[in-house]
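The values are calculated or read from the model by the stated rules, or taken from the named source; none is laboratory data. Nothing here was measured: the structure is a model prediction, and the numbers come from that model. So basically every Cβ, Gly included, is an ideal-geometry build from the backbone, and we count neighbours across all protein chains shown.
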Amino acid sequence: MFRDFIIFLVNLFVVEPFQEELNGRLAQVGAPQAVVSEVASCASTALPILVERVSSDPWWGTSTIFRIWIGNTTSAVVLGQTVPTCETAIETARPYLGDAAA
């Protein structure tokens with residue numbers, strides 16, 4: 001039950017905002033489908049990695065979600081620093097996002 005709560009919070013505050021924001025921006029600029037797919041792949045692989053990290057280090061999870069919530073960081077930054085496939089996806093998407101990149 002506690003793990004389900006962690007999954008819910010991580011998905012709500014980190015993964016979903018990342019996916020929605022980047023997919024929206026990439027669609028606006030007409031990025032290639034390969035780039036959009038890489039971002040989607042990042043989001044799907046990120047959840048279990050982040051849940052494991054939050055489960056093993058609740059303080060990191062709490063402070064990270066709080067920093068995202070107050071705007072001190074973004075979900076893209078957190079995913080880029082925590083999930084290796086996301087770092088690659090964000091770098092691939094960066095040319096299509098310009099200054100709006102994470």
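Quick notes
- Every residue from segment 1-29 that is without any contact (Cβ under 8 Å) to a residue 40 or more places away in the chain and either surrounded by fewer than 17 Cβ atoms within 10 Å (Cβ to Cβ) or of a type in the set (K, R) (or both): M1, F2, D4, F5, F8, L12, E16, E20, N23, G24, A27, Q28
- Residue-level analysis places A46 among those that are under 25 Å from G98 (Cβ atoms), modelled with pLDDT of 90 or more and in contact with a Cys (Cβ under 9 Å, 6 or more places away or on another chain).
- Answer residue from segment 30-39, given it is over 10 Å from the mean Cα position of the chain (by Cα) and within 11 Å of I90 (Cα to Cα) and is surrounded by the fewest Cβ atoms within 10 Å (Cβ to Cβ) among those: V36
- Condition broken by A27, with the remaining ones in (1) farther than 23 Å from L97 by Cα; (2) modelled with pLDDT under 90 satisfied: (1)
- Taking each residue of segment 49-68 that is among the polar types (S, T, N, Q) and looking for partners that are modelled with pLDDT of 90 or more and assigned to a helix (DSSP H, G or I) with beta-carbon atoms closer than 7 Å, six or more apart or interchain, yields T64/V78.
- Check on R94, at pLDDT 90 or above, assigned to a helix (DSSP H, G or I) and not β-branched (V, I, T): no
- Filter pass, V10 being part of a helix (DSSP H, G or I), of a type outside the set (S, T, N, Q) and closer than 13 Å to L97 by Cβ: no
- Considering segment 51-86, and only residues there that are among the charged types (D, E, K, R) and assigned to a helix (DSSP H, G or I), the residue that is nearest to N23 (Cα to Cα) turns out to be R67.
- Here G80 clears all of (1) in contact (Cβ under 8 Å) with a residue 24 or more places away in the chain; (2) buried (at least 16 other Cβ atoms within 10 Å of the Cβ); (3) under 16 Å from E91 (Cα atoms) except the condition numbered (1).
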